[in-house]
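Below is one structure, written out as C-alpha cells, with a few remarks after it.
The values are calculated or read from the model by the stated rules, or taken from the named source; none is laboratory data. This one's a predicted model, so the numbers in the text were calculated from it and none came from an experiment. Methodologically, a virtual Cβ is constructed for each residue, glycine included, from the backbone with ideal geometry; neighbour enumeration extends over all protein chains shown. The protein model used for the area step is the full one, side chains on, heavy atoms only, and it has no ligands, DNA or RNA in it. Shrake-Rupley method; radii C 1.70, N 1.55, O 1.52, S 1.80 Å.
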Amino acid sequence: MTPTEPAAQGGAVTAERPPLPVKLVIAGGFGVGKTTAVGSISEIEPLTTEAAITEVAAGVDDLSHTPTKTTTTVAMDFGCITIDPTLKLYLFGTPGQDRFGFMWDDLVEGAVGGLVIVDSRRLDDCYAAVDYFEHRGIPFAVALNAFDGMVEHSLDEVRWALDMADQVPVVVFDARERGSVRDALLTVLELALSRTEG
C-alpha cells in the first residue's frame, strides 16, 4: 500500500514510516581506511573533511605504510546507507590522529556502536580506539582491513595482542568493497541489538 492508497478497512489513509535512524561510528588510527570505508558504502556523496598533509604533519604522522597518502581527515567523515525500509545507518568517521582526539566525544554521542578499523601491520595505532570504546561501554567490533588482499596476523593473534574480551567480534574486510563494509557494519549492529535485548 502506498501512502495515498486507502487502508483495506474504513478507507483511512496511512503513511509509510520512515526508516529508523541508527548512528554508528567508524574509528581507528591514521590511514587505516576509515574515509575509504564510508565512501565505499554511502548512498549519498560522503561528507569528508580532508586536508592536505603538510610537511609539518608528515613529520608527526607515520606515512611509512601509506606513502601515497596526500590528505588526512581533520574533523570527520559522514555518510549513510539504508539497510532496508525500516533501518538507515548514519556513519560518522573519526579522525585518526591523537591530536584530534578531543572531537571523539561529540562524534560518538548517540551512537549505538562502533567499528574499529585496524591495519594489521601496525596494531599499536588502534589501541586508543579500542580503549575508548571499552572504557565507555560502547559495543564495537574490530575489522582488519585487508591491504593488498592480505592481513599480517590471524584474528586470534589480533585478539590476543589487543587483549579484547571474547564477545568483541574480529573480522577481516576490505574498505574498498561495498559488500565487505556492509557486512562489517552489520556485525556491529547485531552486537548492539544483542546488548539491548540482553
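Kindly indicate which of 142, 118 is within 28 Å of residue 82 (Cβ to Cβ), touching a Lys or Arg at 6+ places or on another chain (Cβ under 9 Å) and open to solvent by less than 10 Å² (accessible area, probe 1.4 Å).
Values: 118 fails: touching a Lys or Arg at 6+ places or on another chain (Cβ under 9 Å).
Criteria check complete, one pass: 142.
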### Query
Where in region 85-198 are there strands (runs of 3 or more DSSP E), lying wholly inside it, with at least 1 residues that are more than 28 Å from residue 21 (Cβ to Cβ) and modelled with pLDDT of 90 or more?
140-145, 170-173
### Message
Just to verify a result, which residue in region 61-75, among those that are in contact with a strand residue (DSSP E or B) (Cβ under 6 Å, 6 or more places away or on another chain) and hydrophobic (A, V, I, L, M, F, W, C), is modelled with the highest pLDDT?
### Response
75
### Positions within region 21-37 being farther than 14 Å from residue 129 by Cα, over 8 Å from the mean Cα position of the chain (by Cα) and of a type in the set (A, V, I, L, M, F, W, C), in sequence order
22
